[in-house]
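Only the coordinates and a few stated rules stand behind these numbers; no lab work does. All values reported here derive from a predicted model rather than from experimental measurement. Ideal geometry is used to build each Cβ from the backbone, glycine not excepted, and the neighbour counts take in all protein chains shown.
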Amino acid sequence: MVSTAAGFSVRNLPSMAVEGWSLIFWYVLGTLLFLLPLALTAAELASTWPKAGGVYAWVREAFGEPTGFMAVWSIVVQNLPWYPTVLAFVAVSLAYGFEPAWQDNRLFVACVMIGIFWALTLASLAGPVAAAKLTTFGTVFGTIVPAVVLIGAGVAWIVAGKHVALPPFSPALLFPAWDLGRLPFVSTLLLAFTGLEVSGYYALVVRDPQRNFPKAMALALVAISGLSIFATLAIALAIPADKISLSGGVVQTFTVIFGAFGMRWMASVLALLTAVGAVALMSAWLVGPLLSLTEVARNGLLPPVFRALSARQVPAAVMLWQAALITIVSIAFALVPSVNQAYWILTATTTALLGFYYLPIFAAVIRLRYTQPDVPRPFRVPGGKPGVWLAGGVGAIATAFAVGISLERPSNVTFVSDAVYVGAMIVLALVWMVPWAISLIVRKTAWRA
């Protein structure tokens with residue numbers, strides 16, 4: 001459930017529904033190029049090295065402490081500008097569920113964003129097991145239930161004989177018209193599937209991880225891929241591509257589909273459930289990466305404050321500092337219109353940090369087959385060394401491609417050349433990694449636990 005929460009979100013479905021029948025091709029492509037390699041890689045690493053720190057422990061085994069620290073630091077700072085975007089979605093969904101007019105009330109949006117994140121932080125202070133249970137609850141009722149209801153609505157749409165927006169199926173329609181302009185779209189699709197490995201952060205609180213992690217990865221892979229395809233098809237069946245509102249997103253989709261059945265109230269219910277799913281998505285990421293920083297601090301790469309754990313075994317001090325920072329960013333994001341463009345640039349630069357995170361993971365599973373071949377592996381990427389090279393190599397290439405394309409200059413940015421824009425994005429992304437480099441330089445022996 002933790003992996004499914006991190007890798008699947010109902011709010012992303014409308015943007016894929018505009019692709020028509022070819023959405024199946026795109027989802028299968030994303031599954032084969034990124035989701036499947038990530039599931040295989042995470043299953044082998046997590047079941048073989050079920051240690052505190054998750055991704056940090058895996059990468060450290062292969063490349064040493066500084067590289068493991070780099071991977072974890074990149075995902076921690078990448079999440080900082082990402083949380084407010086999800087919080088804004090939660091606020092809008094809650095507004096639609098109670099009083100749609102509140103969606104345009106900036107004060108309401110800001111208060112909900114701040115209140116939700118602090119409530120989530122305080123709930124997560126109960127410990128990683130409690131956080132995982134919260135994520136599971138939110139995933140079931142806020143992600144899986146809305147997706148299944150959408151699929152059921154799609155079936156009902158056909159049975160009721162309503163107009164089907166998609167043309168009659170033929171195998172040729174599965175393949176999209178290909179041109180270079182599609183590359184950014186492929187990049188977005190691959191990055192939307194990130195997160196399957198997040199359950200690795202909970203390795204020490206999983207019962208029998210050697211047996212259960214591979215099963216969890218397989219179930220999450222099926223859930224993410226299957227729900228994505230069929231729930232998106234339900235949207236595409238009911239709403240013509242040119243009528244799907246990408247800005248209105250999933251709430252508009254619910255309104256159109258259930259309004260046609262005289263059940264407009266169901267759209268409000270599903271909007272509230274989708275907000276719960278978005279909270280579960282944040283919960284999946286909130287504790288794990290910060291727990292990894294605790295392990296980094298225990299090994300002397302961060303000051304002792306980062307290794308302080310509460311009685312519930314969570315990094316309470318760091319979590320509260322993070323909540324304070326997100327509060328400031330959320331206020332600016334919701335109340336200051338001029339901040340939005342700068343915030344978009346901030347988010348775009350952090351996308352490049354996914355390369356610092358996923359490339360070491362895919363490389364680690366390959367390297368450890370050579371440096372630690374005799375370590376018992378309850379689950380192995382099938383196919384021997386060629387198989388692990390295929391899984392790790394395809395995942396690494398897909399990651400590098402997605403990150404590279406994500407840095408492409410948008411069409412509405414016309415005041416700089418492509419080269420200057422890409423260079424600026426890379427430099428700004430590297431700025432996020434400066435604290436990591438400084439910590440490695442100034443670290444002290446006394447910091448080690």
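Overview of results
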item: Thr136, Thr48, Thr232 arranged by Cβ crowding within 10 Å, fewest neighbours leading; result: Thr136, Thr48, Thr232
item: Entries of Lys133/Lys385; Lys133/Lys243; Lys133/Lys162; Lys51/Lys444; Lys385/Lys444 with Cα pairs more than 28 Å apart; result: Lys133/Lys385; Lys133/Lys243; Lys133/Lys162; Lys385/Lys444
item: Fewest-first sequence of Tyr370, Tyr357 by Cβ atoms within 10 Å of each Cβ; result: Tyr370, Tyr357
item: Ranked list, fewest to most other Cβ atoms within 10 Å of each Cβ, for Trp49, Trp73; result: Trp49, Trp73
item: Percentage relative contact order, segment 51-155, counting C-alpha pairs under 8 Å, at least six apart; result: 13
item: Mean Cβ count within 10 Å, highest first, over the residues of peptides 222-230, 260-268, 138-146; result: 138-146, 222-230, 260-268
item: Estimated FRET transfer efficiency when R0 is 45 angstrom, pair Trp265-Leu428 (beta carbons, to 0.05); result: 0.50
item: Order by protection proxy (mean Cβ within 10 Å, highest first), peptides 374-387, 83-96; result: 83-96, 374-387
item: Order by protection proxy (mean Cβ within 10 Å, highest first), peptides 154-161, 211-218, 2-9; result: 2-9, 211-218, 154-161
item: Inter-centroid distance (Cα atoms) of segment 40-86 relative to segment 127-177, Å; result: 30
item: Ellipticity estimate at 222 nm from DSSP helix runs (n ≥ 4, -39,500 (n - 2.57)) divided over the chain, nearest 500; result: -22500 deg cm²/dmol
item: Correct choice for mean projected area of the Cα convex hull in nm² that was computed from the model, options (1) 22.1; (2) 27.1; (3) 19.4; result: (1)
item: The chain, relative contact order in percent, only Cα pairs under 8 angstrom and at least six apart counted; result: 34
